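Here is the structure we will look at.
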Protein chains: 2
Amino acid sequence: VDKVKLLDQRRLPAEELYLETRDYHDVIEAIRTLAIRGAPAIGVAAAMGAALGALSLDTRDGKEFQSRFQDICREIAAARPTAVNLFWALDRVLLVAQEHADESVDAIKAHLVTEAQTMLKEDDTTNRRMAQAGQVLIRDGQRVLTHCNTGALATGAYGTALGVLRAAWEAGKRFSVWVDETRPLLQGARLTTWELGKLGIPYTLIPDGAAATLMHQGKVDLVILGADRIAANGDTANKIGTYSVAVLAHHHGIPFYVAAPLSTFDFSIPDGDHIPVEERDAEEVTHLWGQSVAPAGAPALNLAFDVTPHDFIAGIVTEKGIMEPPFTSSLKPYRPAQG
Amino acid sequence: VDKVKLLDQRRLPAEELYLETRDYHDVIEAIRTLAIRGAPAIGVAAAMGAALGALSLDTRDGKEFQSRFQDICREIAAARPTAVNLFWALDRVLLVAQEHADESVDAIKAHLVTEAQTMLKEDDTTNRRMAQAGQVLIRDGQRVLTHCNTGALATGAYGTALGVLRAAWEAGKRFSVWVDETRPLLQGARLTTWELGKLGIPYTLIPDGAAATLMHQGKVDLVILGADRIAANGDTANKIGTYSVAVLAHHHGIPFYVAAPLSTFDFSIPDGDHIPVEERDAEEVTHLWGQSVAPAGAPALNLAFDVTPHDFIAGIVTEKGIMEPPFTSSLKPYRPAQG
């Protein structure tokens, strides 16, 4: 196993194009350009990229290998700043390399490949546990609103928030989904619709600005969406537009849930103020498929994420069950021991 | 004068294309397809279309003329359901035709042409008065958020909410504007940016879902936007996404203003529940410039407007000054006498 195959999400739903590569630079580029996206998927891809990078190192010297492997991981870490799964995955492969530092370089490479594959499998298991834990929230006849894409595409295999809906559907519950199109990159319009369609779950696509009106009309019973990084107090960074949905749900008395694996929690930061929010190219707002929707040179702000304070969150669905407020207490058993 | 010239707003900002027509059906089509849009502009266009329709009638019989002219007005009235300026303008030209019913058909036609031209001039005057009344709200250094397009393009000439900003700028105040792109038809991205750019007013374009985050960061000092129909109690129908902005502004303690001429008020309805909200083709959500952004056949909901309850509105800027809550009291002097 010396190559990585990934679905180029930028082409969806028009085209199902797979990229195949042996070069970890391509994996970085795929993460940077959102060919691969979604916090858990980024984590797995980072581990795969690191393994490819390790395989490409031509040294037999253990010390040199460790040092160059660390450089590769640093390079991958710079691809995107917000999703903590990226750093979590890289910390994990770095640890594997260190733990086996006394073995041959070839042996370490094999361990790294295995670890990346294990992480892909674990992601699937974690997602399915999370989905089972969360599906109790979904009831027959509900109209659920979601934002961005949190399905199989955003993860190793099953999905986080969309995984919860999938498990509920598979358990025989019947409900429908309002899909926020999620500007600027339309992950809702392009990806969530595509996944819900394949699963046979009924949905209706809406512009992001219409969610409030549907809430006012009593047509939204529950909100569930994903996360890119969750601080120790439960403050949650997620796709831009999430905080808007959270405030609106709060105003209309609608429960707002987040679904994310424990690998999305960053216990090293006390609250959301410490989460770096990526600002991306203004062209993602001013252009669509290369065509301009605004006057040439129009200034635009493209915050990729926003942070939802924990008091707007009714619960966080994880593979260890649904965490309830106060999150500092409910999350305590899962906090890594302080070093 | 026997033709109407209008700027096709669908092509902006890429192209400044003018349509010129002698056929009132073209005016209906322009209103229906949003080549012309914005409540006041729709009102003026409707009057112009009615005048063109009158000119096209080949009868010399007064009674037949009145009857066929009424049919034409009914046809124009069916172009769009929400903006009340459409019905207001048609009521006004119908009244002109009736008041001169004892004159020759040619004389009535001339009166109708004059009336349409008067309405265009009045719209400009009204807008400028409104702008002067409203510009006191704007202070140096403010960061103002607006939604959709309410400038010269949306009116006969000067603009409503954007007219207020324009007058403030011309009065020497210096501020900046957050422009909601306003999905699905991107009137903010395409038109408001274009107009602000021409006026030299600094702005930044944002996806609709980012407004909440900027509010949370304390970067929005005031919201001002337009209206398509205002009920007697101040409940305001405007472009979809407006209610969302209103709730978010309320939550963050940011004053939310509406700017609209008295012709946008519908005193015949007590509240917003009685405002018909146009539902447009799902393709406006699933496609952009003919290109699909969602899977083929993806179900989408395209509400063109939403209704903001009056309690979210700090004031309504009109040509008679800024109306303050409770609106039933402040608007009382401008209510037409009950028939």
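The values are calculated or read from the model by the stated rules, or taken from the named source; none is laboratory data. What you see is a predicted model, and the numbers here were worked out from it, not measured in a lab. Here the Cβ is made from the backbone with ideal geometry for all residues, glycine too, and neighbour counts use every protein chain on show.
Please state which one of B:L6, B:L17, B:L34, B:L52 is in contact with a strand residue (DSSP E or B) (Cβ under 7 Å, 6 or more places away or on another chain) and more than 18 Å from B:T114 (Cβ to Cβ). Step through it out loud before you land on a result.
Numbers: B:L17 fails: in contact with a strand residue (DSSP E or B) (Cβ under 7 Å, 6 or more places away or on another chain); B:L34 fails: in contact with a strand residue (DSSP E or B) (Cβ under 7 Å, 6 or more places away or on another chain); B:L52 fails: more than 18 Å from B:T114 (Cβ to Cβ).
None of the other options fit; the residue is B:L6.
Quick test of your reading of the structure: B:I322 fulfils all but one of (1) part of a strand (DSSP E or B); (2) surrounded by 21 or more Cβ atoms within 10 Å (Cβ to Cβ). Name the failing condition by number.
(2)
Give me the residue from the range B:250-262 that is more than 15 Å from the chain's Cα centre (by Cα) and farther than 19 Å from B:I138 by Cβ and, out of that set, nearest to the other protein chains (Cβ to nearest Cβ).
Applying the filter and picking the extreme gives B:H251.
Search the range A:280-298 for residues that are facing chain B (nearest Cβ under 7 Å) and part of a loop (DSSP other than H, G, I, E, B) and pair each with any residue that is crowded, with 20+ Cβ neighbours inside 10 Å and of a type in the set (S, T, Y) when their beta-carbon atoms are under 6 Å apart and the residues are at least 6 apart or on different chains.
A:A294/A:T286; A:A294/B:T193; A:P295/B:T193; A:A298/A:T286; A:A298/B:T193
Exactly one condition in (1) touching a residue at least 40 places away in the same chain (Cβ under 8 Å); (2) more than 8 Å from chain A (Cβ to nearest Cβ); (3) on the phi > 0 side of the Ramachandran plot; (4) not basic (K, R) is false for B:T182; which is it?
Failing condition for B:T182: (2).
Give the range A:37-53 a look and list any residue that's small (G, A, S) and in contact with an Asp or Glu (Cβ under 6 Å, 6 or more places away or on another chain), or say none.
Here is the first cut: in the range A:37-53, the ones small (G, A, S) are A:38-39, A:41, A:43, A:45-47, A:49-51, A:53.
Within the range A:37-53, A:A39 is the sole residue that qualifies.
Here are the criteria: (1) of a type in the set (G, A, S); (2) more than 23 Å from B:E75 (Cα to Cα); (3) modelled with pLDDT under 95; (4) buried (at least 21 other Cβ atoms within 10 Å of the Cβ). Tell me which single one B:A157 does not satisfy.
Among (1) of a type in the set (G, A, S); (2) more than 23 Å from B:E75 (Cα to Cα); (3) modelled with pLDDT under 95; (4) buried (at least 21 other Cβ atoms within 10 Å of the Cβ), the lone unmet condition for B:A157 is (4).
Run B:R143 past the list (1) away from chain A (no Cβ under 14 Å); (2) touching a Leu at 6+ places or on another chain (Cβ under 9 Å); (3) at pLDDT 95 or above and report the number of the one that doesn't hold.
The failed condition is (1).
Looking at (1) more than 12 Å from every other protein chain (Cβ to nearest Cβ); (2) free of Cβ contacts under 8 Å to residues at least 24 places away in the same chain, which is the one condition that is false for B:P325?
(2)
When you scan the range A:186-201, do you find a residue that is of a type in the set (A, V, I, L, M, F, W, C), in contact with an Asp or Glu (Cβ under 9 Å, 6 or more places away or on another chain) and modelled with pLDDT under 95, even just one? Reasoning before the result, please.
Start the filter on the range A:186-201 by keeping residues that are of a type in the set (A, V, I, L, M, F, W, C), which leaves A:186, A:189, A:191, A:194, A:196, A:199, A:201.
If we keep only those that are in contact with an Asp or Glu (Cβ under 9 Å, 6 or more places away or on another chain) too, we end up with A:189, A:199, A:201.
Next cut, modelled with pLDDT under 95 only: none.
Checked the range A:186-201: no residue is of a type in the set (A, V, I, L, M, F, W, C), in contact with an Asp or Glu (Cβ under 9 Å, 6 or more places away or on another chain) and modelled with pLDDT under 95.
Find all pairs meeting these conditions: Cβ atoms under 8 angstrom apart; at least six residues apart or on different chains; first residue within the range A:228-249 and over 19 Å from A:R280 (Cβ atoms) and more than 8 Å from every other protein chain (Cβ to nearest Cβ); second residue surrounded by fewer than 24 Cβ atoms within 10 Å (Cβ to Cβ) and among the small types (G, A, S).
From residues that are over 19 Å from A:R280 (Cβ atoms) and more than 8 Å from every other protein chain (Cβ to nearest Cβ), the pairs are A:A231/A:G272; A:A232/A:S268; A:N233/A:G272; A:D235/A:G272; A:T236/A:G272.
The rows are residues; the columns are (1) in contact (Cβ under 8 Å) with a residue 40 or more places away in the chain; (2) surrounded by 17 or more Cβ atoms within 10 Å (Cβ to Cβ); (3) closer than 26 Å to A:T318 by Cβ.
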position: A:V4; (1), (2), (3): yes, yes, no
position: A:E15; (1), (2), (3): no, no, no
position: A:L19; (1), (2), (3): no, no, no
position: A:Y24; (1), (2), (3): yes, yes, no
position: A:G38; (1), (2), (3): yes, yes, yes
position: A:V44; (1), (2), (3): yes, yes, yes
position: A:L52; (1), (2), (3): yes, yes, no
position: A:S56; (1), (2), (3): no, no, no
position: A:R80; (1), (2), (3): yes, yes, yes
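Could you list all residues from the range B:185-227 that are at the interface with chain A (Cβ under 9 Å from one of its Cβ atoms), surrounded by fewer than 24 Cβ atoms within 10 Å (Cβ to Cβ), out of contact with any helix residue (DSSP H, G or I) (no Cβ under 7 Å at 6 or more places or on another chain) and more than 23 Å from B:T155 (Cβ to Cβ)?
Of everything in the range B:185-227, those that are at the interface with chain A (Cβ under 9 Å from one of its Cβ atoms), surrounded by fewer than 24 Cβ atoms within 10 Å (Cβ to Cβ), out of contact with any helix residue (DSSP H, G or I) (no Cβ under 7 Å at 6 or more places or on another chain) and more than 23 Å from B:T155 (Cβ to Cβ) turn out to be B:T204, B:L214.
Looking at the structure I just gave you, is B:D273 modelled with pLDDT of 95 or more and crowded, with 24+ Cβ neighbours inside 10 Å?
On the way: modelled with pLDDT of 95 or more: yes; crowded, with 24+ Cβ neighbours inside 10 Å: no.
The answer is no for B:D273.
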